[in-house]
Amino acid sequence: KFLKINKWGCELLGYAKEEILFHNLIEFVHPDDRESTFIEMNKLEKGEAVYEFENRFLNKNGETIWISWNSNPSIEEGVIYAVGKNVTSEKKLRNLIQQSNNLAKIGSWEFDLINEEIFWSVEVHQLHETDAKTFCPSLKTGLSFYKDDFKESVALHIKKCIQKGESFDYEAVIVTATKKERWVRCIGTAELLNGECQRIYGSFQDISERKEAELRLQSLSDNIPGVVYQYVIHPDGTDSLKYVTKGSLQIWGIEADLVVNNNQLVWDQIKAGGEIDKINKSIYDAIESKSKWTATWKYMMPNGELRNHLGYGSPTLLSD
């Protein structure tokens, strides 16, 4: 029972002091938290101090209040001294973050190099299908989950992060504890002290659905006769090619990766075909009229062969 309570405690619960004093604490506790509160109270009765125990109370208006308690029992006096802090706002924020993480399938992790300890959030354990209560991750076991094709590159990312402080952001495949394959995205940042890495921390996300959709689309695109790509004109007038399919080698005579890194390679061959002004005009006409683009032009292959190309697409205007 409450023997004493300060003014703030009365205001928090919305009751007058006489409505609280000598009433059982459990009367004010949220029904769903009464069992856990009983457990903590039993610990206090045995003389154990309880630090940062959180439970919900219901105020006089029926609103839920989250309170974080620090409590110390005095067995000789038969009383418990407790300090409670209103953490309702923080709890709501934590719940929102938790819900967002669950929806996005994102978890957090940390590697403490000083104590050689690794922390995985519940979400990261769920992604690996490990038991958060019994499985203690280590750098070695963490790497062992990656599919063989990715182990070397992941280890290199971690090594560079520790030795040079380089952040990383990679996508890879893990094999869970129940032998399921999952695509994950891992982001990591180093925390340095006097130039030495103290810890690495970051996020871990399940991207299987997106990656599988990308791979299906990539497979479909790679089997279309021709080259499929996205052509982007930037606000500063420069341009680039993205998402170029393997047909790049057959149509342009240049590997897709090279084209993505330097689209000028393609423009040079179009220029060599002698009709670059024609294709540029057709692109800008389609943009201005917001209509489908189609054009034909001569293209000089890197081996000197002259070909006729047909291109078509649809312009999409962005905010800039």
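The values are calculated or read from the model by the stated rules, or taken from the named source; none is laboratory data. Bear in mind the structure is a predicted one, so any value in this text is a computation, not a measurement. In this analysis, Cβ positions are derived from the backbone assuming ideal geometry, glycine residues included, and neighbour counts consider all displayed protein chains. These area figures cover heavy atoms from the full protein model, side chains too; ligands, DNA and RNA do not enter into them. Shrake-Rupley method; radii C 1.70, N 1.55, O 1.52, S 1.80 Å.
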| Before we move on, is residue 242 basic (Lys, Arg), surrounded by fewer than 14 Cβ atoms within 10 Å (Cβ to Cβ) and touching a strand residue (DSSP E or B) at 6+ places or on another chain (Cβ under 8 Å)? | yes
| If you take the residues of segment 135-153 that are over 18 Å from residue 120 (Cα atoms) and not aromatic (Phe, Trp, Tyr), which of them is most open to solvent (accessible area, probe 1.4 Å)? | 152
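A quick yes/no check of all residues on (1) at pLDDT below 90; (2) surrounded by fewer than 13 Cβ atoms within 10 Å (Cβ to Cβ); (3) in contact with a strand residue (DSSP E or B) (Cβ under 6 Å, 6 or more places away or on another chain):
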| site | (1), (2), (3) |
| --- | --- |
| 41 | yes, no, no |
| 44 | yes, no, yes |
| 47 | yes, yes, yes |
| 53 | yes, no, yes |
| 59 | no, no, yes |
| 74 | yes, yes, no |
| request: Within segment 154-210, track down each residue that is among the acidic types (Asp, Glu) and open to solvent by 40 Å² or more (accessible area, probe 1.4 Å). | output: 166, 169, 171, 181, 191, 196, 209
| request: Considering every residue within segment 292-299, establish whether at least one is open to solvent by 50 Å² or more (accessible area, probe 1.4 Å) and either within 16 Å of residue 254 (Cβ to Cβ) or free of Cβ contacts under 8 Å to residues at least 12 places away in the same chain (or both). | output: no
| Within segment 209-227, can one find any residue that is on the phi < 0 side of the Ramachandran plot, at pLDDT 90 or above and of a type in the set (A, V, I, L, M)? | yes
| The lone exception for residue 126 - which of (1) within 20 Å of the chain's Cα centre (by Cα); (2) surrounded by 13 or more Cβ atoms within 10 Å (Cβ to Cβ); (3) at pLDDT below 90 it fails | (3)
| request: Six or more apart or on different chains, Cβ under 7 Å: which pairs go from a residue in segment 259-273 that's surrounded by 15 or more Cβ atoms within 10 Å (Cβ to Cβ) to one that's of a type in the set (Phe, Trp, Tyr)? Could you list them? | output: 259/252; 266/252; 269/252; 269/299; 270/297; 270/299; 273/297; 273/299
| residue 11 in a helix (DSSP H, G or I) and under 16 Å from residue 85 (Cα atoms) | yes
| query | Does segment 101-116 contain any residue that is among the aliphatic types (A, V, I, L, M), in contact with a strand residue (DSSP E or B) (Cβ under 9 Å, 6 or more places away or on another chain) and modelled with pLDDT under 85? | reply | yes
| query | In this structure, does residue 252 turn out to be open to solvent by less than 60 Å² (accessible area, probe 1.4 Å), within 19 Å of residue 303 (Cβ to Cβ) and in contact with a helix residue (DSSP H, G or I) (Cβ under 6 Å, 6 or more places away or on another chain)? | reply | yes
